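To start, the structure itself, in C-alpha cells.
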Amino acid sequence: DTAVSQTPKYLVTQMGNDKSIKCEQNLGHDTMYWYKQDSKKFLKIMFSYNNKELIINETVPNRFSPKSPDKAHLNLHINSLELGDSAVYFCASSQERVLTMTGELFFGEGSRLTVL
Amino acid sequence: DQQVKQNSPSLSVQEGRISILNCDYTNSMFDYFLWYKKYPAEGPTFLISISSIKDKNEDGRFTVFLNKSAKHLSLHIVPSQPGDSAVYFCAASFKDNFNKFYFGSGTKLNVKP
C-alpha cells in the first residue's frame, strides 16, 4: 500500500494551460511538502503545510498555489504554465522530528511535468 | 545559492569495495543531516541521518561521518552491492526550522558486478 501517492505521474501540456497535481499520504503525518527537482537535479522546497496550515512558502511564482483540504492531502495547482515549469515535482510528508527521532521525509514517486 | 553541495555527479565502484559519497555545506548552523537514496522513477527514500552533536552514525553497511570543522559529511557503503546503484542525495536542516530541508544535487553511484 503506497504511503505517499501523487497523480498524475506524467503530465504533458501546452504553455499557458492550468494544471493540478494531487498528493495523498496514508502515514498519519502532520506535515506535507512540495519539492521541485529542476534540470540541475537539485531538490528545492516549494511549500510545506502542517495540519492544513501553510508553514513554508519559498520564493515561488504566485502562479503556483498549494491547497490542503485535510492533513492527508496536499495538492498543487499551477496557472499559466511556462516552459521553465518543466520539472519533476515531488510530494513528501513527515512527522515531527521529536517524535520520530529522525523527522525524515517520505516522498511520493514524483510527477514529471513537461510544458511544450 | 546552494548551501548543500555534492560536487561529484557520479561514482563507479566495483562490487565488494567501499563506496564513499561526499557532501559539503556552507552554513555552520545546520544541525541535522540526512542521506537519501533514489532509484529511477521512484521518490527518494531515507537512508541514514546524523545529528551535529555526533561525528559518526552507523547502520549496517552504511556509515555517515560528519566533520563540522570542514563542513563536510560523507556516506560510506561497505561492501558495495549492485543493488546500491542509485542516486544519493544529502540533505541538511536547521534546529529551529527542521521542516525545511536543503538538498544537494545528488551523486549517481554505479556498483559494477
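Pairing each residue of the range B:27-51 that is within 16 Å of residue A:4 (Cα to Cα) with any residue that is among the acidic types (Asp, Glu), provided the two are 6+ apart or on different chains, yields C-beta distances under 7 Å for B:41/A:109; B:42/A:109; B:43/A:109; B:46/A:104.
Of all residues in the range A:22-48, those satisfying the criterion of being open to solvent by 30 Å² or more (accessible area, probe 1.4 Å) and not acidic (Asp, Glu) are A:22, A:26, A:27, A:28, A:36, A:39, A:40, A:41, A:42, A:44. Applying the criterion of being surrounded by 15 or more Cβ atoms within 10 Å (Cβ to Cβ) and assigned to a loop (DSSP other than H, G, I, E, B) to the residues of the range B:30-54, the residue that is nearest to the other protein chains (Cβ to nearest Cβ) is B:43. For residue A:2, indicate whether it is assigned to a strand (DSSP E or B), more than 10 Å from the chain's Cα centre (by Cα) and under 27 Å from residue B:108 (Cβ atoms). So residue A:2 does not fit the description; no. Criterion applied to A:86, A:93 was being within 14 Å of chain B (Cβ to nearest Cβ) and in contact with a strand residue (DSSP E or B) (Cβ under 6 Å, 6 or more places away or on another chain), and the one residue passing it is A:93.
Summed over the range B:88-104, residues that are more than 7 Å from chain A (Cβ to nearest Cβ), assigned to a strand (DSSP E or B) and more than 16 Å from residue B:44 (Cα to Cα) total 3. Give me the residue from the range B:8-29 that is within 13 Å of chain A (Cβ to nearest Cβ) and in a loop (DSSP other than H, G, I, E, B) and, out of that set, surrounded by the most Cβ atoms within 10 Å (Cβ to Cβ). In this case the residue turns out to be B:8. The residues of the range A:12-21 that are open to solvent by 30 Å² or more (accessible area, probe 1.4 Å) and in contact with a Ser or Thr (Cβ under 9 Å, 6 or more places away or on another chain), listed by number, are A:12, A:15, A:16, A:17, A:18, A:19.
Among the residues of the range B:70-87, some residue qualifies, meaning at least one is within 14 Å of chain A (Cβ to nearest Cβ), open to solvent by less than 30 Å² (accessible area, probe 1.4 Å) and touching a residue at least 12 places away in the same chain (Cβ under 8 Å). Looking only at residues in the range A:1-11 that are open to solvent by 60 Å² or more (accessible area, probe 1.4 Å) and modelled with pLDDT under 95, the one that is farthest from residue A:60 (Cα to Cα) is A:1.
The values are calculated or read from the model by the stated rules, or taken from the named source; none is laboratory data. Given the structure is predicted, the values throughout are model-derived calculations rather than measurements. Glycine also receives a Cβ, built like all others from the backbone with ideal geometry; neighbour counts cover every protein chain displayed. Ligands, DNA and RNA are stripped out before the accessible areas are found, and what is left, the full protein with its side chains, is counted by its heavy atoms. Shrake-Rupley method; radii C 1.70, N 1.55, O 1.52, S 1.80 Å.
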